[in-house]
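Taking it in order: structure first as C-alpha coordinates, then the write-up.
The values are calculated or read from the model by the stated rules, or taken from the named source; none is laboratory data. None of these values were measured; they are calculated from a predicted model. All Cβ positions, even for glycine, are placed from backbone atoms using ideal geometry, and neighbour counts span all protein chains on display. To get the accessible areas, we keep the full protein, side chains included, count just its heavy atoms, and leave off ligands, DNA and RNA. Shrake-Rupley method; radii C 1.70, N 1.55, O 1.52, S 1.80 Å.
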Amino acid sequence: MLPVSLLVIAFAAQTSARFTPDWESLDARPLPSWYDEAKLGIFIHWGVFSVPGFGSEWFWWHWQGQQPPDQSCVNYMTKNYPPGFSYPEFAPQFHAQFFDPEEWADIFKASGAKYVVLTAKHHEGFTNWGSPNSWNWNSVDTGPHRDLVGDLGEAVRSRSLHYGLYNSLYEWFHPLYLNDKKNGFKTQEFVMHKLLPEIYNMVVRYRPEVIWSDGDWEAPDTYWNSTELLAWLYNDSPVKDTIVTNDRWGAGCACKHGGYYNCEDKYTPGKLPKHKWEKCTSVDTLSWGYRRNMKMKELMDLPTIIEDLVQTVALGGNYLLNVGPTPDGMIPAVFEERLRSVGAWLEINGEAIYASKPWRVQTENSTLLSVYSFTISSVTIHLPSYMKCKSECLPLVQVTLLGDPTSLSWSPVHPDAGLTVLLPELPYSPAQVWTLKLEDVQ
(Lines give C-alpha, C1' and ligand atoms only; values in the text may rest on other atoms or scores of the structure.)
Protein backbone atom coordinates (compact mmCIF):
# COMPACT_ATOMS: atom_id res chain seq x y z
CA MET A 1 0.00 0.00 0.00
CA LEU A 2 2.94 2.35 0.52
CA PRO A 3 3.51 3.17 -3.20
CA VAL A 4 -0.18 4.01 -3.59
CA SER A 5 -0.08 6.34 -0.58
CA LEU A 6 2.99 8.08 -1.90
CA LEU A 7 1.33 8.50 -5.31
CA VAL A 8 -1.77 10.08 -3.75
CA ILE A 9 0.31 12.46 -1.65
CA ALA A 10 2.46 13.48 -4.62
CA PHE A 11 -0.62 14.07 -6.76
CA ALA A 12 -2.29 16.18 -4.09
CA ALA A 13 0.84 18.28 -3.67
CA GLN A 14 1.07 18.82 -7.41
CA THR A 15 -2.56 19.94 -7.82
CA SER A 16 -2.41 22.32 -4.85
CA ALA A 17 0.67 24.17 -6.13
CA ARG A 18 0.00 27.81 -6.96
CA PHE A 19 1.61 29.88 -9.68
CA THR A 20 3.15 33.21 -8.86
CA PRO A 21 2.76 36.26 -11.15
CA ASP A 22 6.15 35.95 -12.83
CA TRP A 23 7.18 34.30 -16.09
CA GLU A 24 9.41 31.68 -14.49
CA SER A 25 6.48 30.28 -12.55
CA LEU A 26 3.81 30.75 -15.23
CA ASP A 27 5.91 29.26 -18.01
CA ALA A 28 6.41 26.12 -15.92
CA ARG A 29 2.68 25.33 -15.84
CA PRO A 30 1.98 22.06 -17.70
CA LEU A 31 -0.33 22.48 -20.66
CA PRO A 32 -3.68 20.72 -20.12
CA SER A 33 -3.53 17.49 -22.11
CA TRP A 34 -6.73 18.04 -24.09
CA TYR A 35 -5.09 20.75 -26.16
CA ASP A 36 -2.19 18.72 -27.56
CA GLU A 37 -4.52 15.80 -28.24
CA ALA A 38 -7.00 17.98 -30.16
CA LYS A 39 -4.64 18.98 -33.02
CA LEU A 40 -7.29 20.83 -35.07
CA GLY A 41 -9.31 23.91 -34.18
CA ILE A 42 -11.54 26.37 -36.04
CA PHE A 43 -10.91 30.11 -35.77
CA ILE A 44 -13.76 32.56 -36.44
CA HIS A 45 -13.19 36.27 -37.17
CA TRP A 46 -16.55 38.01 -36.92
CA GLY A 47 -17.46 41.54 -35.95
CA VAL A 48 -18.43 44.99 -37.20
CA PHE A 49 -15.55 44.72 -39.70
CA SER A 50 -17.62 42.06 -41.47
CA VAL A 51 -20.10 44.75 -42.57
CA PRO A 52 -17.85 46.76 -44.91
CA GLY A 53 -16.27 43.41 -45.81
CA PHE A 54 -13.47 45.09 -47.68
CA GLY A 55 -9.70 44.65 -47.41
CA SER A 56 -9.60 42.80 -44.11
CA GLU A 57 -10.68 42.95 -40.48
CA TRP A 58 -8.23 45.88 -40.17
CA PHE A 59 -10.48 48.04 -42.37
CA TRP A 60 -11.13 50.75 -39.77
CA TRP A 61 -7.42 51.20 -39.07
CA HIS A 62 -6.47 51.23 -42.74
CA TRP A 63 -9.22 53.77 -43.46
CA GLN A 64 -8.87 56.16 -40.53
CA GLY A 65 -5.99 55.04 -38.30
CA GLN A 66 -2.80 54.67 -40.28
CA GLN A 67 -1.16 57.66 -41.92
CA PRO A 68 -1.42 58.04 -44.78
CA PRO A 69 -4.66 56.05 -45.02
CA ASP A 70 -5.04 53.13 -47.43
CA GLN A 71 -6.37 54.82 -50.55
CA SER A 72 -8.35 51.75 -51.60
CA CYS A 73 -10.31 51.93 -48.33
CA VAL A 74 -10.86 55.67 -48.77
CA ASN A 75 -12.12 55.11 -52.31
CA TYR A 76 -14.39 52.28 -51.17
CA MET A 77 -16.08 54.55 -48.63
CA THR A 78 -16.31 57.49 -51.04
CA LYS A 79 -18.02 55.36 -53.70
CA ASN A 80 -20.40 53.45 -51.45
CA TYR A 81 -21.27 55.60 -48.43
CA PRO A 82 -22.42 59.22 -47.88
CA PRO A 83 -19.95 61.92 -46.81
CA GLY A 84 -19.30 61.93 -43.08
CA PHE A 85 -20.25 58.27 -42.60
CA SER A 86 -18.44 56.97 -39.50
CA TYR A 87 -17.26 53.47 -38.71
CA PRO A 88 -19.60 53.04 -35.69
CA GLU A 89 -22.50 53.46 -38.12
CA PHE A 90 -21.64 50.03 -39.49
CA ALA A 91 -22.64 48.42 -36.17
CA PRO A 92 -26.45 48.61 -36.69
CA GLN A 93 -25.91 46.85 -40.04
CA PHE A 94 -24.25 43.92 -38.28
CA HIS A 95 -27.61 42.13 -38.17
CA ALA A 96 -26.55 38.47 -37.93
CA GLN A 97 -30.16 37.69 -38.84
CA PHE A 98 -29.28 34.28 -40.32
CA PHE A 99 -26.91 33.28 -37.53
CA ASP A 100 -27.80 29.77 -36.42
CA PRO A 101 -25.30 28.60 -33.79
CA GLU A 102 -26.53 25.01 -34.08
CA GLU A 103 -25.81 25.00 -37.80
CA TRP A 104 -22.36 26.51 -37.25
CA ALA A 105 -21.58 23.92 -34.58
CA ASP A 106 -22.67 21.13 -36.93
CA ILE A 107 -20.22 22.39 -39.56
CA PHE A 108 -17.39 22.64 -37.04
CA LYS A 109 -18.11 19.15 -35.72
CA ALA A 110 -18.18 17.80 -39.29
CA SER A 111 -14.76 19.39 -39.96
CA GLY A 112 -13.13 17.08 -37.44
CA ALA A 113 -12.03 20.01 -35.28
CA LYS A 114 -11.87 19.47 -31.53
CA TYR A 115 -11.98 23.13 -30.46
CA VAL A 116 -13.45 26.40 -31.69
CA VAL A 117 -12.13 29.93 -31.06
CA LEU A 118 -14.44 32.93 -31.66
CA THR A 119 -13.45 36.60 -31.66
CA ALA A 120 -15.00 37.96 -28.47
CA LYS A 121 -13.39 41.32 -29.22
CA HIS A 122 -11.10 42.41 -32.06
CA HIS A 123 -8.97 45.56 -32.23
CA GLU A 124 -12.05 47.67 -33.09
CA GLY A 125 -13.20 47.14 -29.49
CA PHE A 126 -16.68 45.84 -30.36
CA THR A 127 -17.59 42.88 -28.14
CA ASN A 128 -19.67 39.97 -29.41
CA TRP A 129 -21.36 39.76 -26.02
CA GLY A 130 -23.02 42.24 -23.67
CA SER A 131 -19.87 43.48 -21.98
CA PRO A 132 -20.68 45.85 -19.10
CA ASN A 133 -17.41 47.64 -19.94
CA SER A 134 -18.30 48.33 -23.57
CA TRP A 135 -21.58 50.26 -23.37
CA ASN A 136 -23.40 50.55 -26.70
CA TRP A 137 -20.46 49.02 -28.54
CA ASN A 138 -21.44 45.38 -28.18
CA SER A 139 -23.66 42.84 -29.91
CA VAL A 140 -26.44 43.03 -27.31
CA ASP A 141 -26.89 46.82 -27.30
CA THR A 142 -26.66 47.22 -31.08
CA GLY A 143 -26.50 45.21 -34.30
CA PRO A 144 -27.59 41.60 -33.67
CA HIS A 145 -29.07 42.40 -30.24
CA ARG A 146 -28.01 38.98 -29.00
CA ASP A 147 -25.23 37.30 -27.09
CA LEU A 148 -23.17 35.82 -29.92
CA VAL A 149 -20.43 34.48 -27.64
CA GLY A 150 -22.88 32.73 -25.34
CA ASP A 151 -25.12 31.34 -28.07
CA LEU A 152 -22.24 29.79 -30.03
CA GLY A 153 -20.60 28.47 -26.88
CA GLU A 154 -23.72 26.55 -25.92
CA ALA A 155 -24.02 24.95 -29.34
CA VAL A 156 -20.32 24.07 -29.59
CA ARG A 157 -20.16 22.47 -26.16
CA SER A 158 -23.30 20.44 -26.78
CA ARG A 159 -21.25 18.66 -29.46
CA SER A 160 -18.39 17.92 -27.07
CA LEU A 161 -16.08 20.52 -28.62
CA HIS A 162 -13.84 22.78 -26.55
CA TYR A 163 -14.67 26.48 -26.72
CA GLY A 164 -12.19 29.34 -26.71
CA LEU A 165 -12.28 33.10 -27.12
CA TYR A 166 -10.01 35.51 -28.96
CA ASN A 167 -9.50 38.80 -27.13
CA SER A 168 -7.55 41.82 -28.32
CA LEU A 169 -5.69 43.57 -25.51
CA TYR A 170 -5.53 46.92 -27.24
CA GLU A 171 -8.28 48.91 -28.96
CA TRP A 172 -7.30 51.23 -31.78
CA PHE A 173 -9.37 54.24 -30.82
CA HIS A 174 -10.36 53.81 -27.18
CA PRO A 175 -9.68 57.18 -25.48
CA LEU A 176 -8.27 55.61 -22.31
CA TYR A 177 -5.86 53.49 -24.33
CA LEU A 178 -4.80 56.43 -26.48
CA ASN A 179 -4.14 58.47 -23.34
CA ASP A 180 -2.03 55.70 -21.80
CA LYS A 181 -0.14 55.45 -25.08
CA LYS A 182 0.44 59.19 -25.07
CA ASN A 183 1.88 58.81 -21.56
CA GLY A 184 4.35 56.20 -22.78
CA PHE A 185 2.34 53.46 -21.03
CA LYS A 186 3.35 54.85 -17.65
CA THR A 187 -0.36 55.04 -16.78
CA GLN A 188 -2.81 52.10 -16.85
CA GLU A 189 -6.25 53.71 -17.01
CA PHE A 190 -7.33 51.52 -19.94
CA VAL A 191 -6.02 48.31 -18.34
CA MET A 192 -7.57 48.91 -14.92
CA HIS A 193 -10.92 50.37 -15.97
CA LYS A 194 -11.61 48.55 -19.25
CA LEU A 195 -9.40 45.59 -20.17
CA LEU A 196 -9.02 43.61 -16.95
CA PRO A 197 -12.60 43.98 -15.64
CA GLU A 198 -13.85 42.93 -19.06
CA ILE A 199 -11.64 39.84 -19.26
CA TYR A 200 -12.55 38.76 -15.73
CA ASN A 201 -16.24 39.13 -16.51
CA MET A 202 -15.85 37.25 -19.80
CA VAL A 203 -14.01 34.33 -18.20
CA VAL A 204 -16.43 33.96 -15.29
CA ARG A 205 -19.47 34.26 -17.55
CA TYR A 206 -18.39 32.00 -20.45
CA ARG A 207 -15.63 29.81 -19.00
CA PRO A 208 -13.51 29.57 -22.16
CA GLU A 209 -10.90 26.83 -22.35
CA VAL A 210 -8.69 28.91 -24.65
CA ILE A 211 -7.79 32.56 -24.24
CA TRP A 212 -6.33 33.57 -27.60
CA SER A 213 -4.71 36.89 -26.74
CA ASP A 214 -3.70 39.44 -29.40
CA GLY A 215 -3.07 43.17 -29.85
CA ASP A 216 -0.25 43.18 -27.31
CA TRP A 217 2.72 44.44 -29.27
CA GLU A 218 2.61 48.18 -28.61
CA ALA A 219 3.24 47.89 -24.86
CA PRO A 220 5.22 45.66 -22.47
CA ASP A 221 3.55 42.89 -20.49
CA THR A 222 3.91 45.00 -17.34
CA TYR A 223 1.49 47.55 -18.81
CA TRP A 224 -1.10 44.85 -19.56
CA ASN A 225 -0.64 43.26 -16.10
CA SER A 226 -0.28 40.00 -18.00
CA THR A 227 1.44 37.95 -15.31
CA GLU A 228 -1.17 38.88 -12.70
CA LEU A 229 -3.96 37.99 -15.11
CA LEU A 230 -2.40 34.63 -16.00
CA ALA A 231 -1.76 33.80 -12.34
CA TRP A 232 -5.47 34.37 -11.67
CA LEU A 233 -6.45 32.25 -14.69
CA TYR A 234 -4.20 29.38 -13.57
CA ASN A 235 -4.89 29.56 -9.82
CA ASP A 236 -8.38 30.87 -9.12
CA SER A 237 -10.49 31.21 -12.26
CA PRO A 238 -13.37 28.80 -12.92
CA VAL A 239 -11.30 27.27 -15.76
CA LYS A 240 -7.99 27.01 -13.90
CA ASP A 241 -7.57 23.30 -14.64
CA THR A 242 -8.47 23.33 -18.36
CA ILE A 243 -7.54 26.80 -19.66
CA VAL A 244 -4.80 27.14 -22.26
CA THR A 245 -3.32 30.45 -23.37
CA ASN A 246 -1.05 31.59 -26.17
CA ASP A 247 2.03 33.83 -26.10
CA ARG A 248 0.72 37.31 -27.01
CA TRP A 249 0.95 39.06 -23.66
CA GLY A 250 3.19 42.05 -24.37
CA ALA A 251 6.00 43.26 -26.60
CA GLY A 252 8.72 40.59 -26.69
CA CYS A 253 6.57 37.77 -25.28
CA ALA A 254 5.84 35.99 -28.57
CA CYS A 255 7.65 32.66 -28.87
CA LYS A 256 8.99 33.18 -25.35
CA HIS A 257 6.27 33.32 -22.67
CA GLY A 258 2.77 31.98 -22.16
CA GLY A 259 1.09 28.62 -22.67
CA TYR A 260 1.53 27.44 -26.25
CA TYR A 261 3.37 29.56 -28.83
CA ASN A 262 1.87 31.26 -31.89
CA CYS A 263 5.04 33.30 -32.52
CA GLU A 264 3.43 35.07 -35.50
CA ASP A 265 0.46 34.63 -37.81
CA LYS A 266 0.82 31.60 -40.07
CA TYR A 267 3.98 30.58 -38.22
CA THR A 268 5.81 27.56 -39.70
CA PRO A 269 8.96 26.59 -37.77
CA GLY A 270 10.57 24.29 -40.37
CA LYS A 271 11.90 21.94 -37.68
CA LEU A 272 10.55 20.41 -34.49
CA PRO A 273 10.29 23.13 -31.80
CA LYS A 274 11.00 22.35 -28.17
CA HIS A 275 7.77 24.03 -27.03
CA LYS A 276 4.14 23.28 -27.90
CA TRP A 277 2.99 25.58 -30.70
CA GLU A 278 0.03 26.37 -32.92
CA LYS A 279 -0.24 27.51 -36.51
CA CYS A 280 -3.15 29.83 -37.17
CA THR A 281 -4.02 30.33 -40.80
CA SER A 282 -7.03 31.33 -42.87
CA VAL A 283 -8.89 29.71 -45.76
CA ASP A 284 -8.96 33.20 -47.30
CA THR A 285 -5.26 33.88 -47.75
CA LEU A 286 -5.75 37.69 -47.84
CA SER A 287 -7.96 38.21 -44.80
CA TRP A 288 -9.16 36.72 -41.53
CA GLY A 289 -12.51 38.50 -41.72
CA TYR A 290 -15.16 38.24 -44.43
CA ARG A 291 -14.43 39.95 -47.76
CA ARG A 292 -17.21 40.69 -50.22
CA ASN A 293 -14.80 40.53 -53.16
CA MET A 294 -12.80 37.38 -52.34
CA LYS A 295 -11.93 35.22 -55.33
CA MET A 296 -11.47 31.46 -55.58
CA LYS A 297 -7.79 31.80 -56.51
CA GLU A 298 -7.22 33.63 -53.20
CA LEU A 299 -8.49 30.71 -51.10
CA MET A 300 -6.59 27.67 -49.86
CA ASP A 301 -7.68 24.55 -51.73
CA LEU A 302 -8.19 21.25 -49.91
CA PRO A 303 -4.82 19.62 -50.80
CA THR A 304 -3.02 22.72 -49.53
CA ILE A 305 -4.97 22.70 -46.25
CA ILE A 306 -4.37 18.99 -45.65
CA GLU A 307 -0.66 19.21 -46.45
CA ASP A 308 -0.38 22.22 -44.12
CA LEU A 309 -2.26 20.37 -41.37
CA VAL A 310 -0.06 17.28 -41.72
CA GLN A 311 3.15 19.32 -41.76
CA THR A 312 2.03 21.18 -38.64
CA VAL A 313 1.07 18.04 -36.70
CA ALA A 314 4.27 16.24 -37.78
CA LEU A 315 6.22 19.09 -36.18
CA GLY A 316 4.23 18.85 -32.94
CA GLY A 317 1.86 21.75 -33.59
CA ASN A 318 -1.86 22.36 -33.51
CA TYR A 319 -3.63 23.73 -36.57
CA LEU A 320 -6.16 26.56 -36.15
CA LEU A 321 -8.01 27.11 -39.43
CA ASN A 322 -9.92 30.37 -39.82
CA VAL A 323 -13.15 31.28 -41.58
CA GLY A 324 -14.83 34.69 -41.77
CA PRO A 325 -18.66 34.67 -41.59
CA THR A 326 -20.84 37.28 -43.33
CA PRO A 327 -22.43 40.12 -41.36
CA ASP A 328 -25.81 38.40 -41.67
CA GLY A 329 -24.45 35.31 -39.92
CA MET A 330 -23.71 32.87 -42.73
CA ILE A 331 -20.55 30.86 -43.19
CA PRO A 332 -19.85 31.25 -46.92
CA ALA A 333 -20.57 28.03 -48.79
CA VAL A 334 -17.00 27.71 -50.05
CA PHE A 335 -15.71 27.83 -46.46
CA GLU A 336 -18.25 25.21 -45.38
CA GLU A 337 -17.15 22.99 -48.26
CA ARG A 338 -13.51 23.26 -47.20
CA LEU A 339 -14.31 22.42 -43.57
CA ARG A 340 -16.51 19.44 -44.39
CA SER A 341 -13.87 18.13 -46.80
CA VAL A 342 -11.21 18.32 -44.10
CA GLY A 343 -13.55 16.32 -41.89
CA ALA A 344 -14.07 13.69 -44.60
CA TRP A 345 -10.30 13.24 -44.88
CA LEU A 346 -9.98 12.98 -41.10
CA GLU A 347 -12.67 10.30 -40.94
CA ILE A 348 -10.17 8.03 -42.70
CA ASN A 349 -6.87 9.51 -41.56
CA GLY A 350 -7.70 10.96 -38.14
CA GLU A 351 -6.04 8.01 -36.43
CA ALA A 352 -2.72 9.47 -37.60
CA ILE A 353 -3.57 13.00 -36.42
CA TYR A 354 -5.41 13.11 -33.10
CA ALA A 355 -3.27 12.63 -29.97
CA SER A 356 -0.26 11.80 -32.17
CA LYS A 357 3.34 12.52 -31.20
CA PRO A 358 6.16 13.65 -33.54
CA TRP A 359 8.40 10.90 -34.92
CA ARG A 360 12.13 11.23 -34.27
CA VAL A 361 12.49 12.34 -37.92
CA GLN A 362 9.68 14.58 -39.18
CA THR A 363 10.36 14.84 -42.93
CA GLU A 364 12.08 12.35 -45.21
CA ASN A 365 12.32 12.40 -49.01
CA SER A 366 9.42 14.89 -49.08
CA THR A 367 7.34 12.45 -47.03
CA LEU A 368 5.91 13.73 -43.73
CA LEU A 369 6.46 11.41 -40.80
CA SER A 370 4.92 10.88 -37.41
CA VAL A 371 3.83 7.51 -36.03
CA TYR A 372 2.36 7.25 -39.51
CA SER A 373 3.66 8.25 -42.93
CA PHE A 374 1.80 10.71 -45.14
CA THR A 375 2.46 10.57 -48.86
CA ILE A 376 1.43 12.25 -52.09
CA SER A 377 3.47 9.70 -54.10
CA SER A 378 1.87 6.88 -56.08
CA VAL A 379 4.78 4.52 -56.87
CA THR A 380 7.26 3.83 -54.05
CA ILE A 381 8.34 5.43 -50.80
CA HIS A 382 11.79 5.04 -49.28
CA LEU A 383 11.81 5.53 -45.49
CA PRO A 384 15.35 5.26 -44.13
CA SER A 385 14.56 6.39 -40.59
CA TYR A 386 11.74 4.00 -39.77
CA MET A 387 13.95 1.09 -38.91
CA LYS A 388 17.38 -0.35 -39.29
CA CYS A 389 15.97 -3.47 -40.84
CA LYS A 390 17.68 -6.69 -41.91
CA SER A 391 15.96 -9.50 -43.79
CA GLU A 392 14.92 -11.27 -40.58
CA CYS A 393 12.51 -8.41 -39.70
CA LEU A 394 10.63 -8.74 -42.99
CA PRO A 395 7.71 -10.82 -41.64
CA LEU A 396 7.42 -8.69 -38.49
CA VAL A 397 6.18 -5.42 -40.01
CA GLN A 398 2.83 -4.85 -41.68
CA VAL A 399 2.21 -1.79 -43.86
CA THR A 400 -1.32 -0.69 -44.76
CA LEU A 401 -3.14 2.35 -46.06
CA LEU A 402 -5.57 3.86 -43.57
CA GLY A 403 -9.04 3.01 -44.80
CA ASP A 404 -7.84 -0.23 -46.44
CA PRO A 405 -6.74 -3.25 -44.35
CA THR A 406 -4.86 -4.88 -47.26
CA SER A 407 -1.16 -5.38 -46.48
CA LEU A 408 1.23 -3.60 -48.85
CA SER A 409 4.43 -5.04 -50.26
CA TRP A 410 7.65 -3.63 -48.86
CA SER A 411 11.28 -4.57 -48.76
CA PRO A 412 14.21 -3.74 -46.50
CA VAL A 413 16.98 -1.54 -47.82
CA HIS A 414 20.43 -2.79 -46.93
CA PRO A 415 22.60 -2.23 -45.12
CA ASP A 416 20.25 -1.24 -42.27
CA ALA A 417 18.80 1.59 -44.34
CA GLY A 418 15.09 1.39 -43.61
CA LEU A 419 12.45 0.17 -46.00
CA THR A 420 10.84 0.83 -49.37
CA VAL A 421 7.07 0.48 -49.78
CA LEU A 422 5.49 -0.39 -53.12
CA LEU A 423 2.23 1.51 -53.39
CA PRO A 424 -0.82 0.23 -55.27
CA GLU A 425 -3.05 2.42 -57.39
CA LEU A 426 -4.23 4.82 -54.72
CA PRO A 427 -7.94 5.39 -54.13
CA TYR A 428 -9.34 8.78 -55.10
CA SER A 429 -8.80 11.46 -52.48
CA PRO A 430 -9.70 15.12 -53.05
CA ALA A 431 -6.98 15.98 -50.55
CA GLN A 432 -4.34 14.07 -52.56
CA VAL A 433 -2.74 12.91 -49.31
CA TRP A 434 -2.81 9.29 -48.12
CA THR A 435 -1.60 7.75 -44.88
CA LEU A 436 0.54 4.65 -44.44
CA LYS A 437 0.44 2.77 -41.16
CA LEU A 438 3.40 0.65 -40.03
CA GLU A 439 2.69 -1.96 -37.37
CA ASP A 440 4.85 -4.49 -35.56
CA VAL A 441 2.97 -7.78 -35.90
CA GLN A 442 5.11 -9.77 -33.48
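Restricting to segment 155-172, and then to whatever is free of Cβ contacts under 8 Å to residues at least 60 places away in the same chain and small (Gly, Ala, Ser), can you tell me which residue is surrounded by the fewest Cβ atoms within 10 Å (Cβ to Cβ)? Checking each candidate, the answer is SER160.
Restrict the check to segment 139-153 and report whether at least one residue is within 26 Å of ASP247 (Cβ to Cβ) and open to solvent by 10 Å² or more (accessible area, probe 1.4 Å). No, there is no match, as no residue in segment 139-153 is within 26 Å of ASP247 (Cβ to Cβ) and open to solvent by 10 Å² or more (accessible area, probe 1.4 Å).
Against the criterion of being in contact with a Leu (Cβ under 9 Å, 6 or more places away or on another chain), aromatic (Phe, Trp, Tyr) and surrounded by 15 or more Cβ atoms within 10 Å (Cβ to Cβ), TYR115 qualifies.
Applying the condition of being within 17 Å of the chain's Cα centre (by Cα) and surrounded by fewer than 19 Cβ atoms within 10 Å (Cβ to Cβ) to segment 273-285 and asking which residue is farthest from LEU31 (Cα to Cα) yields THR285.
Every listed requirement among (1) surrounded by fewer than 20 Cβ atoms within 10 Å (Cβ to Cβ); (2) within 16 Å of the chain's Cα centre (by Cα) is met by ASP328 save one, (2). The residues on offer are ASP308, ASP241, and the sole one that is among the charged types (D, E, K, R), within 26 Å of LEU346 (Cα to Cα) and in the same structural domain as ASP221 (by the TED database) is ASP308. The condition (being in a loop (DSSP other than H, G, I, E, B), surrounded by 14 or more Cβ atoms within 10 Å (Cβ to Cβ), among the aromatic types (Phe, Trp, Tyr) and touching a residue at least 40 places away in the same chain (Cβ under 8 Å)) is satisfied by just one residue among PHE90, PHE43, PHE99: PHE99. Scanning segment 227-234 for any residue that is modelled with pLDDT of 95 or more, of a type outside the set (A, V, I, L, M, F, W, C), closer than 18 Å to LYS194 by Cβ and surrounded by fewer than 21 Cβ atoms within 10 Å (Cβ to Cβ) turns up at least one such residue. Scanning segment 237-277 for residues that are free of Cβ contacts under 8 Å to residues at least 60 places away in the same chain and of a type in the set (Asp, Glu), we see that the one that is farthest from VAL310 (Cα to Cα) is ASP247. Looking at segment 313-325, is at least one residue assigned to a helix (DSSP H, G or I), in the same structural domain as LEU165 (by the TED database) and over 24 Å from GLY47 (Cβ atoms)? Yes, that holds for at least one residue.
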